[in-house]
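Structure, as structure tokens:
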Amino acid sequence: MLHEVGFDHTQMVRETGFNSSPVTRGVLIRAVKPATTASNEGDNDMGGLLNKYQEFFDGAYKDGALSARTKILISLGASLGAGCEP
Amino acid sequence: MTKGDHIGRVAQTRASNVLYGSAVITTKDKGKIATSINGKYRKVAQNPEGLFKYPTGKAGLDALQYDPELVRLLPDSIAESYCGPGNPFSMGAINKGESVLDIGCGAGVDTILAGMMAGTDGYVTGLEIVPEMLQRAQNNLRELDVSHVSLLEASAEQLPLPDKSFDVVISNGVFNLVVDKVKALKEVFRVLKPGGRFQIADQIRTGEMPKETSSIVKSWGR
Ligand SMILES: C[S@@+](CC[C@H](N)C(=O)[O-])C[C@H]1O[C@@H](n2cnc3c(N)ncnc32)[C@H](O)[C@@H]1O
């Protein structure tokens, strides 16, 4: 989603360790607007973004703490629909 | 459920409808979501303690390892109003002289901290949709000498701000509540200067999205 709108260097930096519900995770995400935007504007590479997240979570959960299916669902697009309520 | 189920399809349809998988969130649904967000954050503006699953106030700032030197400068009455789920500055501090936008600033604790880091050669804008939260932020700002920090009542989905006007956009616990995330992210992109940074702390969903619009609306933010 971030890449879709033109951001570069999109990175899920780490989890915060505080989750506001059993189906959400606290995360820190960073992205940069390219110094020259022409080539990135309108880019629709959702696969690339998903792969970045996938790599992050594959690394973070080698022990299988999350199922593969859960990992696939983790992306800004799949998520950020849930969160800050008790 | 396949990879693409939610990802590619969280998109705008007609003018203001938003798709979540196959569920359509209409303007009316958005109204219901806005009412529940307003109801919750009107209370949070008084005091967030006990209203979140994660620590808030000074305990939250400590647990999320905010710079203790800066936290020390916050009066208790300001620190207690913090309700962010993460520390956007842990991904990179704000440099002296930079311009910063804090989207969904709530009571303005991150806004104030960004103002301290940017110094008076920089400027910081806190933007918030719930009037009571913004009022609390205003009260908080009054306690400090921060004339280079300003507040704005608006939605993340439509920033009343010029293109390319900020070095950094931060947001803490807000995008999970925004309905049209693509629209809001496009707005972040628009107001950032080329080379500008976006640092977001938030809650992301790891389980499936409900299939029915009514369930999505009812469970919004949960
Ligand atoms: C969990 S609170 C975090 C507040 C603040 N960032 C902090 O860390 O203390 C989420 C905030 O986002 C605001 N918010 C929700 N939807 C918004 C939108 N569409 N535009 C702007 N602010 C919004 C809420 O009113 C609330 O103040």
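See the values below:
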| item | result |
| --- | --- |
| Residue check for B:Ala45: among the small types (Gly, Ala, Ser) and within 12 Å of the ligand (Cβ to nearest atom) | yes |
| Residues being open to solvent by 10 Å² or more (accessible area, probe 1.4 Å) and within 12 Å of the ligand (Cβ to nearest atom) - total across the range B:180-219 | 2 |
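Okay, residues lined up against (1) of a type in the set (Phe, Trp, Tyr); (2) buried (at least 23 other Cβ atoms within 10 Å of the Cβ); (3) under 22 Å from B:Val179 (Cβ atoms); (4) out of contact with any Gly (no Cβ under 9 Å at 6 or more places or on another chain):
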{"residue": "B:Pro85", "(1), (2), (3), (4)": "no, yes, yes, no"}
{"residue": "B:Ile94", "(1), (2), (3), (4)": "no, yes, no, no"}
{"residue": "B:Val109", "(1), (2), (3), (4)": "no, yes, no, no"}
{"residue": "B:Gly115", "(1), (2), (3), (4)": "no, yes, no, no"}
{"residue": "B:Gly126", "(1), (2), (3), (4)": "no, yes, yes, no"}
{"residue": "B:Arg142", "(1), (2), (3), (4)": "no, no, no, yes"}
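The values are calculated or read from the model by the stated rules, or taken from the named source; none is laboratory data. Treat the numbers as computed from the prediction; the structure is a model and nothing was measured. Using ideal geometry, Cβ is built from the backbone for each residue, glycine included, and neighbour counts are taken over all protein chains shown. Protein only, heavy atoms only, side chains kept; ligands, DNA and RNA dropped before computing areas. Shrake-Rupley method; radii C 1.70, N 1.55, O 1.52, S 1.80 Å.
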